[in-house]
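Coordinate-derived values only; no laboratory data. Quantities reported herein were computed from a predicted structural model and do not represent experimental measurements. Using ideal geometry, Cβ is built from the backbone for each residue, glycine included, and neighbour counts are taken over all protein chains shown.
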Amino acid sequence: MPTDPPPSRGVPTITDGLADAVAAAGYAPSIHDTQPWRWLSASDTLDLYLDRDRVLSDTDPTARLATISCGAALHHARTVLAARCWRVTVARMPDAADQQHLARLRVYAAAPADPTAVHHVRTMPARRTDRRPVTGAPVNPEDLRTLAATVQAEGAWLHILNSDQVAELAAAAEQAQDGEAGESEWRTELGYWTGSWVPAAVGRRGGDRADAPISAASDRAARFAILYGRSDEPRDWLRAGEALSAAWLGATERGVSVLPMSAPVEIRGTREAMRRILSYLSHPFLVLRFGTTASSAGGSE
């Protein structure tokens with residue numbers, strides 16, 4: 001077991017670091033803010049479990065979205081430990097007999113604080129889900145390339161959609177609304193792709209009106225991407241969540257807004273459209289909408 005750094009260095013103990021990691025994980029994005037994770041800590045380890053009681057069984061029967069949420073919490077915890085001067089190993093899905101045991105972090109050495117991690121920790125409280133319409137200048141292509149590289153470094157991938165692919169996804173969403181999605185809680189989000197969705201955060205403000213539907217068609221300055229993996233297993237979902245967290249923190253620091261959308265993935269028709277876009281070689285997990293923060297209008301949650 002690693003030895004705690006001497007108090008004179010002003011570096012927190014391992015116990016302090018693990019406690020900070022758990023606290024910071026509360027800032028991670030999660031499906032409907034359910035925070036479907038549970039942590040257990042020991043002297044130098046932190047174990048992450050999926051909390052089944054917090055899984056939305058109707059809208060997330062496979063627990064894919066809950067596991068992605070846990071992956072985001074895992075990345076937040078890892079980042080805090082790196083910022084607090086600790087090096088860790090990460091074992092994902094460490095117990096084949098217990099699929100709820102998603103990861104084990106073990107502190108093995110003291111180290112200088114990672115500057116990128118320190119920056120990310122400062123960003124965590126500022127990260128938001130931005131549902132406002134995207135106006136003004138599109139996201140810089142270099143920023144998109146950087147975010148794609150960040151995602152890949154965490155074990156997932158990002159496919160930036162072109163205009164034809166956005167139209168294809170919108171057409172699939174329109175068909176899904178008329179079919180199996182009719183009674184689904186995802187119908188509102190699917191409406192974004194068909195031009196019939198107005199987010200709750202956008203409404204009358206002074207003399208402004210929000211009569212026009214906010215949609216993929218009207219968000220012309222937005223860029224869309226598919227967050228995906230090579231296979232569709234819990235380990236892949238966990239890595240996708242870590243990638244989402246890393247990219248979202250990086251995007252926030254670059255002035256790029258992020259809106260994750262899960263409905264297109266969870267509905268069979270739109271999921272099939274995304275698999276076609278990915279040439280059936282990969283599995284979609286989320287659609288991400290990117291915009292420039294300064295150009296958004298209205299409020300965010």
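Electrostatic tally near Gly71: other residues with Cβ closer than 13 Å to its Cβ, Lys and Arg +1, Asp and Glu -1, net +1. Among Ile14, Ile160, sorting on how many other beta-carbon atoms sit within 10 Å of each Cβ, with the fewest leading, yields Ile160, Ile14.
The local environment of Arg289, defined by Cβ-Cβ distances under 10 Å, has a net charge of 0 under the rule Lys, Arg +1 and Asp, Glu -1.
Please report Rg over Rh for segment 7-126, where both radii come from the alpha carbon positions and Rh follows the Kirkwood definition. We get a ratio of 0.99 for segment 7-126. Residues with beta-carbon under 10 Å from that of Thr62, excluding Thr62: net charge, scoring Lys, Arg +1 and Asp, Glu -1? Around Thr62, the surrounding residues sum to -2. Put in order of Cβ neighbour count within 10 Å, fewest first, the listed residues Thr116, Thr150 become Thr116, Thr150. Listed from fewest to most Cβ neighbours within 10 Å, the set Glu189, Glu266 follows the order Glu189, Glu266. Spatial offset of segment 217-257 relative to segment 91-120 amounts to 20 Å, using the alpha carbon center of each.
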